1. Which ranges mark the helices (runs of 4 or more DSSP H) fully within the stretch A:54-158 that have 1 or more residues being out of contact with any helix residue (DSSP H, G or I) (no Cβ under 7 Å at 6 or more places or on another chain), within 7 Å of chain B (Cβ to nearest Cβ) and surrounded by fewer than 23 Cβ atoms within 10 Å (Cβ to Cβ)?
2. Among the residues of the stretch A:280-313, which ones are in a loop (DSSP other than H, G, I, E, B) and closer than 19 Å to residue A:324 by Cα?
3. Return the residue satisfying two criteria in turn: it lies in the stretch B:78-112 and is without any contact (Cβ under 8 Å) to a residue 40 or more places away in the chain and assigned to a loop (DSSP other than H, G, I, E, B), and of such residues it is nearest to the other protein chains (Cβ to nearest Cβ).
4. Kindly indicate whether residue A:21 is under 20 Å from residue A:194 (Cβ atoms), under 24 Å from the mean Cα position of the chain (by Cα), crowded, with 23+ Cβ neighbours inside 10 Å and away from chain B (no Cβ under 11 Å).
5. If a residue must be over 28 Å from the mean Cα position of the chain (by Cα) and within 11 Å of residue A:254 (Cβ to Cβ), how many such residues does the stretch A:291-305 contain?
6. What number of residues in the stretch B:274-296 are in contact with a helix residue (DSSP H, G or I) (Cβ under 6 Å, 6 or more places away or on another chain) and closer than 12 Å to residue B:2 by Cβ?
7. How about the stretch A:167-186: which of its residues are within 14 Å of another protein chain (Cβ to nearest Cβ), in contact with a helix residue (DSSP H, G or I) (Cβ under 8 Å, 6 or more places away or on another chain) and either crowded, with 20+ Cβ neighbours inside 10 Å or assigned to a helix (DSSP H, G or I) (or both)?
8. Residue check, residue A:14 against (1) buried (at least 20 other Cβ atoms within 10 Å of the Cβ); (2) at pLDDT 95 or above, all met but one. Which one?
């Protein structure tokens, strides 16, 4: 951990991982808020508006932290990754600038109206504000994914004589097939975070026997949306993403799967610890031939192991890459199970009485955060040793004049500041959940009446 | 093409200064104009629904700079590493303070965030001013196209300058005074009663400081950055820009006396705009002057390829037109003064 490069990597990894804890809930909740506002509009039931107001408060706190932790991300391309920015800024600066121009203005303008202007806007107007906030946040996600996708799978560019990159096709950059696949997969992950958070709050209310109407509403909406998202997350989007990696980043696939030796009928490792020095997986639990089938639809297909690639093209943190990928897939499978069983119980009208299932829903709340983080770690470590896949190595991308001492100084500063932000977030969100969706005066009475009834 | 983008980035930065300038200023003066918790709540309510959108101008300007002048973005951002990181931390603290202040009614929670809001706003104004001072003075760029400035060295304008030296600190103070004036005029416009009155007084006092500092800084700048003199000499039409600034400054005093709150704020906008455009005009075609002029970064050696700049122009115009529509709509929705009473605080709910 001595060199400046390592500190730059660690700082970007830390700040972006931390930042993404907030937008994933923002984007997921934005969709669920539109659903709540739509229900309010269609049924005319004021409860749905109260529910939306309750989630809007949580959305507001979460959004604020997403904004303040997001600003450093754009800056750090220049501050810590100057060589990369200098050579590729003409390309990826496009998508980053578009994010500012098209989504941040939209989001920030209408969030103010959504949070503070309900009376002023009227029912339809307020629905529109919710929808525009949703649109802004989802557009923002697309521009970021498109930026990352260009680094994973560069399109629409040309090398310049000076060793840089210049844009040659705007639509090539914007409609990069990698971006479309990654976006679908990523947004489903965000929707799952939103659903698990909403389900957990609903389950908490049902288990503590308060705000029962809201508890049921939250659990019902979250489970219905969540089961769809959980399935789509795996098939087709996850599967498709895997095939793209197999095709374009074969060394990455081998490292993710812990496949050191090329083989026909390659097995799928479920568990096991990679030993990179000895080039093997310790005590593996494997499904024979499954990897060949998943990758090429043939049980006997030959899958390239790491031995098929020169070692200087291997990802440089193979162990972490292997684990993050397995954690992501493992949790994705668990989500299908949790949401699937919940949806079945909901359909049989037994979910709200099944306390064990409500407990599971409540306790699952950290899992989608872990899965989304693991997914991004898989994508970004899988891209190594390249900053722009096949074109620019990470070693050549950092700022030449920013030394390790200065980088440590700022990394420690971010760590301290983000610790404070985490405590604030937990504290304020817990207060909102504890306070509940009902306005103050009727809260006690309403809860008592429901409990009595 | 690169000149167009130079102007567009300048416009975005100017918009940022005009808009976030008033909420930074409001933060820096809120202890002066608001005595009670309720009064401070009014001051924060004047910027509550808009500060986040105002700050987006900084992000959008940064993004635009990134794709239009990638070499400048790389060199400038890595060279100003420490002050930019400090600015980021201050922005984080300030945003948190504005958003979280009103969540809990407690005699320790609210004053704590009020202080954070004040301190972060004040320091941001100074740092932004110092950053502008650095650009005007020039930075120690060398043949590699990179530089790195520590926060300070010996506070002199030598070869090995730091971010802070006597010149940039003066520009920082000037920026703080100007934004205090700007912010108090905004608060005056958006509030009633005593808060509004006190803001008018603060603006009046800040005005004298701004006047003095403007004269001093202008005189010093001609000495520190010779390009400025040369540009005004080559293109005398450029004199219109400082004239706008002076007219704006005079307008602030005039309108303050006439008690026209709206025009006083607009005059302050004209002053800031005139000052910024004068600076930008003065350093053109440089985007980052070097202490050794041979290594200065200009719009030509910092720009991205033409195709990207052309295509960017199309979506930029569309995007900015949309953004303008949102801004007009939002500012109209929250038009009018903030109520004085606690019950109807917030934003007219």
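1. Working: elements: A:82-98, A:105-116, A:118-152.
Where helices (runs of 4 or more DSSP H) fall fully within the stretch A:54-158 and carry at least 1 residues being out of contact with any helix residue (DSSP H, G or I) (no Cβ under 7 Å at 6 or more places or on another chain), within 7 Å of chain B (Cβ to nearest Cβ) and surrounded by fewer than 23 Cβ atoms within 10 Å (Cβ to Cβ), they are A:118-152.
2. Restricting attention to the stretch A:280-313, the residues satisfying the condition of being in a loop (DSSP other than H, G, I, E, B) are A:288-289, A:297-301, A:304-305, A:309-310.
Matches in the stretch A:280-313: A:305 only.
3. Looking at the filtered set, the residue picked out is B:104.
4. Numbers: under 20 Å from residue A:194 (Cβ atoms): yes; under 24 Å from the mean Cα position of the chain (by Cα): yes; crowded, with 23+ Cβ neighbours inside 10 Å: no; away from chain B (no Cβ under 11 Å): yes.
No, not satisfied.
5. Within the stretch A:291-305, residues that are over 28 Å from the mean Cα position of the chain (by Cα) and within 11 Å of residue A:254 (Cβ to Cβ) number 3.
6. 2
7. Within the stretch A:167-186, A:167, A:170, A:173, A:174 meet the criteria.
8. With respect to (1) buried (at least 20 other Cβ atoms within 10 Å of the Cβ); (2) at pLDDT 95 or above, residue A:14 is out only on (1).
The values are calculated or read from the model by the stated rules, or taken from the named source; none is laboratory data. Quick caveat: nothing in here was measured; it's all calculated off a predicted structure. Cβ: placed from backbone, ideal geometry, glycine included. Neighbour counts: every protein chain shown.
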